[in-house]
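The structure is given below, and queries will be raised subsequently.
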Amino acid sequence: MSTPQGPDLTQLVAAYDAPGGVLNQGVLIDAIGYYLEHRDELEELGIDSELILAVKRTFEADVDTGKASGELGVRREGLSVLSDGFLVIRRVCRGWDDEGVDARVNGELDLTATFTADGPDPVVWGGARQCRYRFGGRRVLLDAASDAEEPAIRLHLGDDIGFGDVGKKPVLFSLDLRASLDDFSIPVQIDFRVTGTSLLEVRVPAAVIPGAGGDVVLEYAGGALIGARAKNGHFNCDPLALKCVSDDGAPLGS
């Protein structure tokens, strides 16, 4: 059986590493508006922690036994860590109560990951089927968007990581899901990147900030804007004043 080919996230990774838009005060205000519009998707659903946990537990399991804690089923092709292979992961979601693991009630995540003898390949992809869990005490439900042209869930784990290193490098998420939070519907169509230091990076597309001439990236910690990255440099931001200065102290232009 041939190894499946995952989606190409090269351009999206590059957009985070080297955004092409120019940041000024007007662009910053518009970019913050984009974040606020998508705040529930980014801050209230806990999607990143659920997905990282599913992948992390799978790769930290003994790949020779074909078993992973918490999985309903894992199909592995090329099981030995001495060769290349792939995993098809069906992870039962945690559910809304403590009545046990039941895919019929809790739903599941269906993910595909490829690997070599050295560790996981960067890209993991798949979908969600009526996945129920609690985040911050609230009930979350995830399901794949029915009109998604690409896999509903696309992750980039970082380059050159080992089997026990999932989540230690920044993880990029590209999502096209339907979600609900305590029965309030939230479409999830966004990409973002998180780091092990709980820094959230949000790419603001050029289409919503035409004055920038390209994408810019905002940096948030605990829901507060602390930085921004653009073609004209990296900026440190005051979340209360909504003002930013470059790393060398120069104020952001108007």
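Would you call Leu172 modelled with pLDDT of 95 or more, over 12 Å from Ile47 (Cβ atoms) and of a type in the set (A, V, I, L, M, F, W, C)?
Working: modelled with pLDDT of 95 or more: yes; over 12 Å from Ile47 (Cβ atoms): yes; of a type in the set (A, V, I, L, M, F, W, C): yes.
Considered against the rule, which asks whether it is modelled with pLDDT of 95 or more, over 12 Å from Ile47 (Cβ atoms) and of a type in the set (A, V, I, L, M, F, W, C), Leu172 comes out as yes.
Also: Among the residues of region 129-166, which ones are modelled with pLDDT of 90 or more and aromatic (Phe, Trp, Tyr)?
Listed by number, the residues that qualify are Tyr133, Phe135.
Does Ile190 satisfy the condition of being of a type in the set (Val, Ile, Thr), within 25 Å of Gly20 (Cα to Cα), in contact with a His (Cβ under 6 Å, 6 or more places away or on another chain) and at pLDDT 95 or above?
yes
Taking strands (runs of 3 or more DSSP E) that fall entirely within region 129-242, which contain at least 2 residues that are under 25 Å from Asp8 (Cβ atoms)?
On the way: elements: 131-135, 138-144, 153-156, 171-181, 184-194, 200-204, 216-221, 224-230, 233-238.
Ranges flagged: 138-144, 153-156, 171-181, 184-194, 200-204, 216-221, 224-230.
Another question, then. Out of the residues in region 93-112 that are closer than 29 Å to Ile161 by Cβ and among the acidic types (Asp, Glu), state the one that is surrounded by the fewest Cβ atoms within 10 Å (Cβ to Cβ).
Asp110
Also: Check Arg229 against each of (1) within 25 Å of Glu44 (Cα to Cα); (2) without any contact (Cβ under 8 Å) to a residue 60 or more places away in the chain; (3) not hydrophobic (A, V, I, L, M, F, W, C) and name the one condition it does not meet.
Going through (1) within 25 Å of Glu44 (Cα to Cα); (2) without any contact (Cβ under 8 Å) to a residue 60 or more places away in the chain; (3) not hydrophobic (A, V, I, L, M, F, W, C) one by one, Arg229 breaks only (2).
Out of curiosity, is Asp183 acidic (Asp, Glu) and modelled with pLDDT of 95 or more? So that I can check it myself, show each step before the final result.
Numbers: acidic (Asp, Glu): yes; modelled with pLDDT of 95 or more: no.
The answer is no for Asp183.
Within region 193-208, work out how many residues are surrounded by fewer than 18 Cβ atoms within 10 Å (Cβ to Cβ) and either modelled with pLDDT of 95 or more or not aliphatic (A, V, I, L, M) (or both).
So the count comes out to 8.
Let me ask you something else. Going through region 14-31 one residue at a time, which ones are among the β-branched types (Val, Ile, Thr), touching a Gly at 6+ places or on another chain (Cβ under 9 Å) and either assigned to a helix (DSSP H, G or I) or more than 9 Å from Ala212 (Cα to Cα) (or both)?
Scanning region 14-31 gives a single hit, Val27.
Just checking, how many residues over region 113-128 are surrounded by fewer than 20 Cβ atoms within 10 Å (Cβ to Cβ) and assigned to a strand (DSSP E or B)? Walk me through how you get there before you give the answer.
Of the residues in region 113-128, the ones surrounded by fewer than 20 Cβ atoms within 10 Å (Cβ to Cβ) are 116-119, 121.
Okay, now just the ones that are also assigned to a strand (DSSP E or B), so 116, 119, 121.
Residues meeting the conditions: 3.
In region 205-254, which residues are under 17 Å from Gly21 (Cα atoms) and of a type in the set (D, E, K, R)?
Asp215, Glu219, Arg229, Lys231
Could you tell me whether any residue of region 189-204 is aromatic (Phe, Trp, Tyr) and over 16 Å from Arg39 (Cβ atoms)?
In the first step, residues of region 189-204 are kept if they are aromatic (Phe, Trp, Tyr); the result is 192.
Checking the rest, the ones that are also over 16 Å from Arg39 (Cβ atoms) come to none.
The answer is no; no qualifying residue exists.
The values are calculated or read from the model by the stated rules, or taken from the named source; none is laboratory data. As the structure is a computational prediction, the values presented were derived from the model and not from experiment. Ideal geometry is used to build each Cβ from the backbone, glycine not excepted, and the neighbour counts take in all protein chains shown.
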